[in-house]
1. Taking H placed 1.01 Å from N in the peptide plane, check which residues at least 5 places from Lys199 or on another chain put their amide H under 5 Å from its amide H.
2. Using only alpha carbon positions, build the gyration tensor of segment 8-157, then give the equivalent ellipsoid semi-axes as the square roots of 5 times its eigenvalues, largest first, whole angstrom.
3. To the nearest 0.05, how large is the calculated FRET efficiency for Ile92 and Ile13 if R₀ is 22 Å and r is the Cβ-Cβ distance?
4. Going by the alpha-carbon gyration tensor, a ≥ b ≥ c the square roots of its eigenvalues, is segment 41-82 rounded (a/c under 1.5) or, if a/c is not under 1.5, prolate (a/b greater than b/c) versus oblate?
5. If one computes the Cα centroid of segment 5-35 and of segment 242-270, what distance in Å separates the two points?
6. Can you compute the helix-only [θ] at 222 nm over the chain? Use -39500 (n - 2.57) per DSSP H run of at least 4 residues, normalise by all residues, nearest 500 deg cm²/dmol.
7. Check which residues have an amide H placed less than 5 Å from Leu45's amide H, if you skip close sequence neighbours.
8. Rounded to two decimals, what ratio of Rg to Rh does segment 95-172 give with C-alpha atoms and a Kirkwood Rh?
Amino acid sequence: MGRFNYYDNIAEIYDESRWIDDAIASDVSNFILKLVQAKPDTNFLEPGIGTGLNIFPFVQQGYTVTGIDISAEMLGQLRRKAGDQASNLTLIQGDASPLPFPNCSFDVVLTVHMSHGVSDLKTFGAEIHRVLKPGGFYLCPQWLIPTARLKFENQFRAIAANYTQKIEASRQSKRIDCDIELSQYLLERGYQEHYFNVKEWEVKNSVGELLKNFQSRAYGFCWRVEDAVFGQVMDKFHTFCVENYGSLATELSSQAKYELWSYQKPPHGN
Ligand SMILES: C[S@@+](CC[C@H](N)C(=O)[O-])C[C@H]1O[C@@H](n2cnc3c(N)ncnc32)[C@H](O)[C@@H]1O
C-alpha cells in the first residue's frame, strides 16, 4: 500500500474509527430522503464516497447510487459491504473532477468531508452544477468531532508537537473553507441554501479504544508524524493516558452532531 493516499492505508479501520454507526446513518438517510422528496427512481452521486458510510442506506433501500473515489482500498471496503448483489451501486475509481457523466444526470449529489481533496474547487463546483438535474439537490453534510475526542486528539497533538513541526492543535465547529467556497459558487448560480441540524447523539469510547485508533494511524494528523518518531510519540502518549485518565478502561463521552447544508438547483435552465 502506498502512503500517497492515506485513505488507502486506513480503509480497513475507517468505519470503526469514526463515530457514525448504522443506526445514525439510517436516521440521517431518512432525513435526506424526506428533504429531497425522493421517489423510487431518484438517483444519487457521491464523489469521494469512501466506504459509503453516509450513502450505504440508500443502496440498501434500492436507490440507484453512483460513487467515485480516488482510493481503491476505500472502494474495496464498500464493495465488500455491498456484496455482489448490489446492481443499483456503480463505483468508479478516480479523481472526482471532472465528473465522467452527461449533463443533468443526477437528482442528488452529495459530498461529505472530501472537498479538501479536490485540486480546483471552481471546476468541481461547475461539474456538480453540470451533472445535477434542474431542481436537483447538492448536499454538503459535516459530522462534528465529539468534544471529548477532540480534547483527546489535542493531547496527542501537544505531545507530537515536541517531535515534529507538522502538528498543531485542532479547532472545532468551523465549516471547512473548501465547502464554503464550493457553496459560494453554487449560490452565485441561483441555488437555494438551507441549513439543518440533523442529529445530535452521544458518543462513548474508552481511552484504550481511542489509543488503538491512534496506534493504527486512523487519522490524517497521525500520518503527519514521521515514521521515525511515531513510536516514541505513541509511547509518551500511552504513558500520558495512563497517568491522566487512571486507566485505559476510562470512558470518554460527549455529543456528536450531524449538520447538513442543502443547495437546490433552480428548476429552470441548466
Ligand atoms: C474523509 S473520507 C470521506 C468518505 C465518505 N464521504 C464519508 O463521509 O465517510 C474522504 C474520501 O474522499 C476521497 N477523495 C479525496 N479527494 C478525492 C478526489 N479528488 N477525488 C475522488 N475522491 C477523493 C478519499 O479517498 C476518501 O475516501
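1. The answer is Tyr258.
2. 24, 18, 16
3. Numbers: r = 24 Å, r/R0 = 1.08.
It comes to 0.40.
4. Values: a/c = 2.51, a/b = 1.53, b/c = 1.64.
Since a/c reaches 1.5 but b/c is at least a/b, the shape of segment 41-82 is classed as oblate.
5. Their Cα centres are 11 Å away from one another.
6. Details: 11 runs with 108 residues, N = 270.
-11500 deg cm²/dmol, from helical runs alone.
7. Thr66, Val108, Val109, Leu110
8. Numbers: Rg = 18.0 Å, Rh = 15.3 Å.
Rg divided by Rh gives 1.18.
Any read-out appearing in this document is the output of simple, stated calculations on the displayed coordinates, not a laboratory observation. Given the structure is predicted, the values throughout are model-derived calculations rather than measurements. Heads up, the Cβs are rebuilt from the backbone with ideal geometry, glycines too, and the neighbour counts pull from every protein chain shown.
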